[in-house]
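Chemist: Let me give you the structure first, and then I'll get to my questions.
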Amino acid sequence: MRFEDCRPFIRYARELTVSQESAWGTSVPYDARLFYARSGEGEILVGGRPYPMREGSGLYLPPATVYRLVSPPESVTYFALNFDLTMSARTQTVPVPPDPPEDFRREGILCPAQPTDAPELSAPLYLTGMLMLEPSLTSISGEFQKKMIFCDARMSAVLFKVLTDCVRRARVAGNATRRREGSEILDYIQEHYREELSNESIGARFGFHKNYVSDLIKTATGRPLHQYLLYVRLSHAWEMLEAGEMSIAQIAGACGFADMCYFSRYFKQVYGHAPSYFRTRTAGL
């Protein structure tokens, strides 16, 4: 399964307050967990490792993760979600209690599939400074409580965005400079996609080694430069084709393709048909 195929199913959403009087044992869940510290300070033990949970901290736990909520000196309030990454077990609508480690049955995991291209979600994922998640999690909590029509679809879409934000942050966790540099390079590619671009030429523009540029682009997009550049060029080609103001040869040249046959071949590979097929049908798009 790829990350883009995830369609989360939220089984339980609530605001959870943990105080000094709370007594939480060590648990192993059969579905995934997401804890977000909304206020206060607490701690969650994962396999014996402590994760401090302060306002804006988030902790994702895949199924079968051994964890325990630690009772803090003062209370801490979490947004807490129980969910699967797909809808495969959506018939199980009520929460499934976790078991203590000695009673856990691995065959009872509700959604064992994990995205192969997002290994961050196959292990505990801890992030700080994620205050931008709070509006989305508040929305999920409200949807879950009200149970309005299509709430499952709405919650799934919002949680997918949350997970996307978490995976993106994890790829460059703790390095704001790399995030900024990667974003600047992608902006540069969007502006100069018509030109001959390489890791070396982009590196020369920004003062980076070509290998560093390659790593930034792959981290930010999941693709090497040549694949990402092809995606950008074909996206612009589609927009020009839909506008209907230029010939196919003009579009190929305007998007950085020196050879129209090369352009047509890759356009068909991505969109399923040659550009000429869509040229006669743009009015219906």
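The values are calculated or read from the model by the stated rules, or taken from the named source; none is laboratory data. Computed from a predicted structure; not experimentally measured. As a convention, Cβ positions derive from the backbone with ideal geometry for all residues, glycine included, and neighbour counts pool all protein chains shown. Accessible surface areas use protein heavy atoms only, side chains included; no ligands, DNA or RNA. Shrake-Rupley method; radii C 1.70, N 1.55, O 1.52, S 1.80 Å.
Chemist: Tell me the residue from PHE83, PHE79, PHE144 that is among the aromatic types (Phe, Trp, Tyr), assigned to a strand (DSSP E or B), over 24 Å from MET1 (Cβ atoms) and at pLDDT 90 or above, please. Give the steps one after another, and end with the answer.
Modeler: Numbers: PHE83 fails: over 24 Å from MET1 (Cβ atoms); PHE144 fails: assigned to a strand (DSSP E or B).
Only one candidate qualifies: PHE79.
Chemist: Being assigned to a helix (DSSP H, G or I), within 32 Å of the chain's Cα centre (by Cα) and among the small types (Gly, Ala, Ser) is the filter here; which residues of region 255-278 pass it?
Modeler: Correct list: SER264 only.
Chemist: Among the residues of region 3-18, write down those that are touching a Pro at 6+ places or on another chain (Cβ under 6 Å) and of a type in the set (Ser, Thr, Tyr).
Modeler: TYR12
Chemist: Being farther than 17 Å from ASP259 by Cα, over 23 Å from the mean Cα position of the chain (by Cα), loosely packed, with under 14 Cβ neighbours inside 10 Å and charged (D, E, K, R): is that true of GLU196 here?
Modeler: No: the conditions fail for GLU196.
Chemist: Let me ask something else about it. Of all residues in region 147-186, how many are open to solvent by less than 30 Å² (accessible area, probe 1.4 Å), of a type in the set (Gly, Ala, Ser) and modelled with pLDDT of 90 or more?
Modeler: 1
Chemist: A further question on this structure: Quick check, is VAL66 touching a residue at least 24 places away in the same chain (Cβ under 8 Å), of a type in the set (Val, Ile, Thr) and open to solvent by 50 Å² or more (accessible area, probe 1.4 Å)?
Modeler: Here the answer is yes, as VAL66 does meet what is asked.
Chemist: Cβ contacts < 7 Å: first residue within 17 Å of ILE217 (Cβ to Cβ), restricted to region 167-183; second residue at pLDDT below 75 and open to solvent by less than 60 Å² (accessible area, probe 1.4 Å), any location; separation 6+ or different chain. Result?
Modeler: What qualifies is ARG178/VAL172; ARG179/VAL172; GLY182/VAL172.
Chemist: Within region 214-254, track down each residue that is over 31 Å from the mean Cα position of the chain (by Cα) and either assigned to a helix (DSSP H, G or I) or touching a residue at least 60 places away in the same chain (Cβ under 8 Å) (or both).
Modeler: Passing the criteria: ALA243, ILE248, ALA249, GLN250, ILE251, ALA252, GLY253, ALA254.
Chemist: Next question. Would you check if ILE189 is within 30 Å of PHE35 (Cα to Cα), in contact with a Leu (Cβ under 8 Å, 6 or more places away or on another chain), outside any loop (DSSP other than H, G, I, E, B) and open to solvent by less than 60 Å² (accessible area, probe 1.4 Å)?
Modeler: No: the conditions fail for ILE189.
Chemist: Of everything in region 4-24 that's among the aromatic types (Phe, Trp, Tyr) and modelled with pLDDT of 90 or more, which residue is nearest to ASP117 (Cα to Cα)?
Modeler: The extreme case among them is PHE9.
Chemist: A follow-up question, please. What residue, among those in region 73-84 that are out of contact with any Leu (no Cβ under 7 Å at 6 or more places or on another chain) and open to solvent by less than 10 Å² (accessible area, probe 1.4 Å), is farthest from GLY129 (Cα to Cα)?
Modeler: ASN82
Chemist: Still on this structure: Only one of GLU191, GLU245 is out of contact with any helix residue (DSSP H, G or I) (no Cβ under 9 Å at 6 or more places or on another chain) and modelled with pLDDT of 90 or more; which?
Modeler: On the way: GLU245 fails: modelled with pLDDT of 90 or more.
None of the other options fit; the residue is GLU191.
Chemist: Could you run through region 25-49 and say how many residues are assigned to a loop (DSSP other than H, G, I, E, B) and at pLDDT 95 or above?
Modeler: 3
Chemist: Do you know which residues across region 29-55 are under 24 Å from the mean Cα position of the chain (by Cα) and either open to solvent by 60 Å² or more (accessible area, probe 1.4 Å) or more than 16 Å from LEU125 (Cα to Cα) (or both)?
Modeler: Hits for region 29-55 are TYR30, ARG38, ARG54, GLU55.
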